[in-house]
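Report on the following structure.
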There are 2 protein chains.
Amino acid sequence: MGERVRESSVLLTGASGRVGRAILGRLGDAYDWRLLDRDRPTHEFDHEFVVADITDEEAVAEAMVGIDAVVHLAGDPRPEAPWDSVLANNIDGTRTVLEAAVEAGVERFVFASSNHAVGGYETEDRVPKLYRPPDEFRLDGTELPRPGNLYGVSKAAGETLCRYYHDESGMGVVCVRIGNLTESHPPKDYERGQAMWLSYRDCAHLFERCLDADYGFEIVYGISDNDRKYYSIDRAREVLGYDPQDNSADHIDD
Amino acid sequence: MGERVRESSVLLTGASGRVGRAILGRLGDAYDWRLLDRDRPTHEFDHEFVVADITDEEAVAEAMVGIDAVVHLAGDPRPEAPWDSVLANNIDGTRTVLEAAVEAGVERFVFASSNHAVGGYETEDRVPKLYRPPDEFRLDGTELPRPGNLYGVSKAAGETLCRYYHDESGMGVVCVRIGNLTESHPPKDYERGQAMWLSYRDCAHLFERCLDADYGFEIVYGISDNDRKYYSIDRAREVLGYDPQDNSADHIDD
C-alpha cells in the first residue's frame with residue numbers, strides 16, 4: 001500500500017471550473033498536470049492545456065495518452081441544468097472519459113460527484129434540524145442515490161458507471177460527493193451550505209489523498225470537518241487518510 | 001389502503017416483448033389495457049395498440065391521456081446491448097415515459113428493472129456457491145447498484161430516475177428487478193437462471209400486485225419462491241402482498 005510517486009501524470013477535466021481552481025491553486029506543482037476544458041482558458045496556466053469536449057471520443061482518447069490518473073470534473077455543473085444537457089455531458093460524457101481511461105491503463109480515477117445525488121434525503125420532516133449539530137442523521141455513501149434534481153440523477157448515474165468500470169478493469173475509482181465549495185469563508189445565512197462546507201484547503205487536500213491513496217471502489221463525501229454535518233467523513237478518513245483542517249463553525253460569527 | 005378498482009386504464013410499454021406476453025396472458029381481462037410498442041404487432045391483440053417509440057415525447061404524451069397506471073417494459077432488453085442504444089432507449093426513454101406519466105397525473109408506475117443492475121455482486125469468490133440453497137447471501141434492494149454490463153447501468157439509472165420522479169410528484173413507483181423469466185420450466189443446466197427463475201404465473205401475479213397495492217417508492221426482486229436464491233422476496237411479500245406459487249427446485253429433475 002505504498003504512496004504514489006509524485007511524478008505521475010494527471011489529466012484534469014473541467015480544469016477551468018471552481019473545483020479545478022481549488023485543486024490547482026495548492027497542488028499545481030505536486031503532479032505533472034494535463035488540463036482539459038471545453039473552452040480556451042481565459043488566463044495562462046503553467047501546464048499543458050487541451051481544448052476538447054468530453055463528448056468527443058477521439059479527442060478524449062488522445063488526451064489520455066501517457067496519463068496515470070484522472071480527476072474528472074467536467075460536466076454541466078448547474079443543479080438546475082436541463083435533462084438533455086446532463087444526459088449528454090454528465091452521463092454520456094463521463095462514460096466516454098471512463099472508457100478512455102480504462103483503455104489507456106489509467107490506475108486511479110477520481111470522479112466529481114455531488115451532494116445533489118442525495119439531495120432528496122433532505123425531506124420536510126428532517127429539515128432544518130438536519131443542518132444543526134445535535135442532529136445525528138448521517139449519510140455515509142452506502143445509501144441508495146436519492147437526487148433532488150436531474151443534475152443529481154446524472155451524478156448518480158456517473159457513480160454507477162464508475163462502479164461498472166472499476167469492476168470490469170480493476171482501475172481504482174473514487175467518487176467524491178462534493179459539498180458546498182467556497183473560498184476562505186463558508187456561505188453566510190445558509191445552514192445547508194454551512195453543513196456541507198468544503199474549504200479550498202480541504203478540497204485540495206482531499207483530491208491529493210484521492211490521487212495518492214490505494215483503494216478499489218469508493219464513494220465518499222467531500223466536506224470539511226464541520227460541527228454541522230449530515231454527511232459522514234469517516235470513510236474518507238479511513239480509506240484515503242483525509243484529515244480536514246477547517247470547520248464552518250469557526251467562521252459563523254465572522 | 002384500499003384495493004384499486006379494476007376499471008383502471010393501464011398503459012403497457014414494450015407490450016410485444018416476453019414480459020408483456022406473460023402479463024397479458026393472465027391479466028388480459030383484468031384491466032383496461034392500452035398497449036404500446038415500437039413495432040406494429042405481428043398478431044392481433046384484444047386491446048388498443050399504439051405504435052410509438054418511447055423516445056418520441058409527443059407520442060408518449062398522447063398515449064398517456066386518460067391513463068391511471070403505467071407498466072414500463074419498453075427498452076433495449078439485450079444484456080450485451082451497446083451503450084448508445086441503452087443510453088437512448090433505456091435511460092432517455094425511461095425519463096420520457098416518467099415525465100409524461102407525472103404530467104398526466106398517473107397514480108402508479110411499475111418499472112421493469114433487471115437483475116443485471118446488480119450482476120456485479122456475483123463475484124468470483126461468491127460464485128457458484130451463491131446459487132446453491134445453503135448459501136445465505138441475499139440482496140434485498142437496499143444495496144447500491146452494481147451492474148455487470150452497460151444494460152445493467154441503464155437499468156440502475158432508470159431506478160434513480162424513478163426515485164426522483166416519485167419524490168417530485170408523489171406518484172407511487174415500484175422498480176421490479178426481474179430475474180430469469182421462462183415459460184413453464186426453469187432453465188436447465190444453468191444454476192444462476194434457476195436461482196433467479198420467475199415463472200409466467202408468478203410474473204403475472206407480481207405485476208398484478210404492483211398495480212393493485214399501495215406504496216410510495218420501492219425496489220423489489222421479481223423471482224419465484226426458489227429454494228436456490230440470492231435475492232430476497234421479503235419486501236415484495238410485505239409491501240405488495242406478493243405470494244409466489246412456483247419454485248425452480250420442483251422442476252430440476254423434470
Taking the conditions exactly as written (away from chain A (no Cβ under 14 Å) and over 18 Å from residue B:77 (Cα atoms)), does residue B:167 satisfy them or not? no
For segment B:138-152, the count of residues that are of a type outside the set (S, T, N, Q), under 19 Å from residue A:217 (Cβ atoms) and more than 15 Å from the chain's Cα centre (by Cα) equals 8
Restricting to segment A:45-65, give me the number of residues that are surrounded by 13 or more Cβ atoms within 10 Å (Cβ to Cβ) and in a loop (DSSP other than H, G, I, E, B). 8
Here is a list: B:160, B:142, B:182. Which entry is surrounded by fewer than 24 Cβ atoms within 10 Å (Cβ to Cβ), of a type in the set (Ser, Thr, Tyr) and within 14 Å of another protein chain (Cβ to nearest Cβ)? B:142
Options B:131, B:221, B:200: the member that is among the aromatic types (Phe, Trp, Tyr), closer than 30 Å to residue A:118 by Cβ and surrounded by 17 or more Cβ atoms within 10 Å (Cβ to Cβ): B:221
Looking at (1) farther than 29 Å from residue B:122 by Cα; (2) surrounded by fewer than 20 Cβ atoms within 10 Å (Cβ to Cβ), which is the one condition that is false for residue A:168? (1)
Residue B:130: assigned to a helix (DSSP H, G or I) and touching a helix residue (DSSP H, G or I) at 6+ places or on another chain (Cβ under 7 Å), yes or no? no
Cβ pairs under 8 Å, 6+ apart, first in segment A:144-163 and at negative phi and in a helix (DSSP H, G or I), second aromatic (Phe, Trp, Tyr) and surrounded by fewer than 24 Cβ atoms within 10 Å (Cβ to Cβ): A:150/A:83; A:162/A:217; A:163/A:217
Being closer than 27 Å to residue B:240 by Cα, out of contact with any Lys or Arg (no Cβ under 6 Å at 6 or more places or on another chain) and surrounded by 15 or more Cβ atoms within 10 Å (Cβ to Cβ): is that true of residue B:22 here? yes
Subset of segment B:73-82 [surrounded by fewer than 17 Cβ atoms within 10 Å (Cβ to Cβ) and more than 16 Å from the chain's Cα centre (by Cα)]: B:80, B:82
Considering only segment A:97-118, state which residues are crowded, with 21+ Cβ neighbours inside 10 Å and within 11 Å of chain B (Cβ to nearest Cβ). A:98, A:116, A:117, A:118
Taking residue B:195 as the residue in question, decide whether it is in contact (Cβ under 8 Å) with a residue 40 or more places away in the chain, within 26 Å of residue B:23 (Cα to Cα) and at the interface with chain A (Cβ under 10 Å from one of its Cβ atoms). no
Residue selected from segment B:145-157 under the condition of a type outside the set (A, V, I, L, M, F, W, C) and at the interface with another protein chain (Cβ under 7 Å from one of its Cβ atoms), by the criterion farthest from residue A:167 (Cα to Cα): B:145
Output for Cβ contacts, cut-off 6 Å, separation at least six or different chains, first residue outside any helix (DSSP H, G or I) in segment A:74-103, second crowded, with 21+ Cβ neighbours inside 10 Å and β-branched (Val, Ile, Thr), reads A:74/A:13; A:74/A:54; A:76/A:86
Test residue B:70 against the criterion of being within 14 Å of chain A (Cβ to nearest Cβ), touching a helix residue (DSSP H, G or I) at 6+ places or on another chain (Cβ under 9 Å) and crowded, with 17+ Cβ neighbours inside 10 Å, and give yes or no. no
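Matching residues to (1) in contact with a strand residue (DSSP E or B) (Cβ under 7 Å, 6 or more places away or on another chain); (2) over 24 Å from residue A:86 (Cα atoms); (3) among the basic types (Lys, Arg):
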| residue | (1), (2), (3) |
| --- | --- |
| B:34 | yes, yes, yes |
| B:44 | no, yes, no |
| B:66 | yes, yes, no |
| B:79 | no, yes, no |
| B:99 | no, no, no |
If you go through segment B:209-225 one residue at a time, do you hit one that is more than 14 Å from every other protein chain (Cβ to nearest Cβ), modelled with pLDDT of 95 or more and more than 30 Å from residue B:67 (Cα to Cα)? yes
Would you confirm whether or not segment A:120-131 contains a residue that is among the small types (Gly, Ala, Ser), over 16 Å from residue A:14 (Cα atoms) and within 9 Å of chain B (Cβ to nearest Cβ)? yes
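The values are calculated or read from the model by the stated rules, or taken from the named source; none is laboratory data. Since the structure is predicted, the reported quantities are computational estimates derived from the model, not experimental observations. Backbone-built Cβ (ideal geometry, glycine too); neighbour counts: all protein chains shown.
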